[in-house]
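One structure is given below, encoded as structure tokens.
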Amino acid sequence: MNNLKNLRGTVDLLPDQLTKWQNVEKILLEQLARASIKEIRTPILEMTELFIRGIGEGTDVVSKEMYTFLDRGERSCTLRPEGTASVARAFIQNGMSSNPLQKLWYMGPMFRYERPQAGRQRQFHQLGVEFIGYDSVRSDVEIVALAWDVLSKLGIKELNLEINTLGDVSDRLNFQKSFLKWLEINKNSLDIDSQNRITKNPLRILDSKDIQTKKALKNAPRLFNFLSEKSHKRYLDFKQQLEVLKIPYVENFNLVRGLDYYTHTAFEITSGALGSQATVCGGGRYDNLIKQMGGPNTPAIGFAIGLERLILLAGNELEVPRNTDIYIINKGYIAEPLAMDLSRKLKKYDLLVELDLSGSSFSKQFKKANKLKSKSIIVIGDDEATKREFIIRLFDQSGNANKEEVISLENDFELEKWINNNLLAK
Ligand code: ATP
Ligand code: MG
């Protein structure tokens, strides 16, 4: 049989790597809880139709990147490529609109059939936040500030915020008319992908990475010039409030999201510390999505952060695993069950406890504790067990024993005192 391997673009995350993931997730979750944002979990597998309607046929995600298949009941299913469509569906389906203001977050794997490279996988993870029912400029600012602050909290350097406004639907229709005329005339200066988008999703052409197309677009009409006075004022307000919060931004008029339901604010956060896949966070307002999916007219804004890219960026200090606090060295017929009992007792403390289950010699177990740089050890052999006691020994930073006590197995109070004084004391 051939060796079995994981699929291209998927990765195994091993215990050593997961220390950093867990530390990053812990900080993220803490920040979200402090901002009173509630978690939502939706299925990873959804009807294909959800993403066609919720992301849009003209997008790369739907046209090229989805993992779509027929299940045994011949239903077309798709592994979710992003989270917003599912959250919107869940909001509508579960009658969540009875509470019209909801701040929600989700985190988990997403699937896109793309060419794998550093920071780009086929199964990757996103943390997303959606503010549903919120339409004020302040909610846009709060969303951007939240994304900015969580990234900063993780110590990520060289952050850049790019912003743009897409106006409302009628602003965009006005722009599109004039843009389509320009595209007809200038079609030949565009790359093939962009030419194909003229009929499917013309706005997305603005987002092209092709150098020639980018150059040609410099002379194209600007969406900004088609904003109504109201949309324009909204954008100015948004910028002004970012300035009050001292969040630096750069305007990028080519930052677009191609679909009708995206409105007003669009933003991206990139980091100069990442290579070519520089975008860590993308977000924007989608006031028309929930209505288009059959729900009540509900404004909303959100963002998604790519966790793989976040892990690449987060500081090395988050890679350091927590040290063992107590390593329990035990050997002997009478000692071993008592050691196990002791290790269960210790679980009520916020301590990292490891019970040696190897059955190997005391000296080997000592070596293991040493290798783990355990802050302390408990030793219990049959001699101690017969006397119904155990030895507990504390080590200093350089691994020298600096304190030792013999405690009775019955004296939980003494044990607790020792732990409080030596391991839990800050
Ligand atoms: P990109 O331009 O990098 O393809 P995107 O516009 O497709 O990004 P979004 O759909 O806005 O990305 O997703 C939000 C974030 O999720 C991205 O900024 C990125 O950090 C992350 N992301 C998207 N696709 C992948 C992927 N295939 N692998 C890893 N992370 C990804
Ligand atoms: Mg993409």
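So, residue 119, is that one within 16 Å of ligand 1 (Cβ to nearest atom), touching a residue at least 40 places away in the same chain (Cβ under 8 Å) and under 22 Å from residue 147 (Cα atoms) or not?
Considered against the rule, which asks whether it is within 16 Å of ligand 1 (Cβ to nearest atom), touching a residue at least 40 places away in the same chain (Cβ under 8 Å) and under 22 Å from residue 147 (Cα atoms), residue 119 comes out as yes.
For every residue, the table says whether it meets (1) assigned to a loop (DSSP other than H, G, I, E, B); (2) out of contact with any helix residue (DSSP H, G or I) (no Cβ under 8 Å at 6 or more places or on another chain); (3) under 12 Å from residue 331 (Cα atoms); (4) modelled with pLDDT of 95 or more.
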residue	(1), (2), (3), (4)
360	yes, yes, yes, yes
364	no, yes, yes, yes
368	no, yes, no, yes
377	no, no, no, yes
383	no, yes, yes, yes
394	no, no, no, yes
413	no, yes, no, yes
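Considering only strands (runs of 3 or more DSSP E) fully contained in the range 88-186, which possess at least 2 residues that are closer than 30 Å to residue 199 by Cα and assigned by TED's automatic domain parsing to the domain that holds residue 49?
Passing ranges, in order: 102-111, 159-165.
(1) of a type outside the set (Gly, Ala, Ser); (2) in the same structural domain as residue 92 (by TED's automatic domain parsing); (3) surrounded by fewer than 21 Cβ atoms within 10 Å (Cβ to Cβ): which one isn't true of residue 290, the others all being true?
Here residue 290 clears every test but (3).
Being closer than 21 Å to residue 323 by Cβ, touching an Asp or Glu at 6+ places or on another chain (Cβ under 8 Å) and small (Gly, Ala, Ser) is the requirement here; does residue 374 meet it?
So residue 374 fits the description; yes.
Of the conditions (1) farther than 20 Å from residue 259 by Cα; (2) within 16 Å of ligand 1 (Cβ to nearest atom); (3) of a type in the set (S, T, N, Q), residue 188 fails just one. Which one is it?
For residue 188, the failing item is (2).
Please specify each residue of the range 42-64 satisfying the condition of being modelled with pLDDT of 95 or more, in a helix (DSSP H, G or I), of a type outside the set (Val, Ile, Thr) and farther than 18 Å from residue 284 by Cβ.
49, 50
Whether any residue in the range 249-272 is crowded, with 20+ Cβ neighbours inside 10 Å, part of a helix (DSSP H, G or I) and not small (Gly, Ala, Ser) is what I want to check.
no
Looking at (1) in a helix (DSSP H, G or I); (2) closer than 27 Å to residue 55 by Cβ, which is the only condition residue 220 fails?
Checking residue 220 against (1) in a helix (DSSP H, G or I); (2) closer than 27 Å to residue 55 by Cβ, the one that fails is (1).
The values are calculated or read from the model by the stated rules, or taken from the named source; none is laboratory data. It should be emphasised that the depicted structure is a prediction, and the values quoted were computed from it without experimental measurement. Don't worry about glycine lacking a Cβ; one is built from the backbone with ideal geometry, like all the others, and counts go over all protein chains shown.
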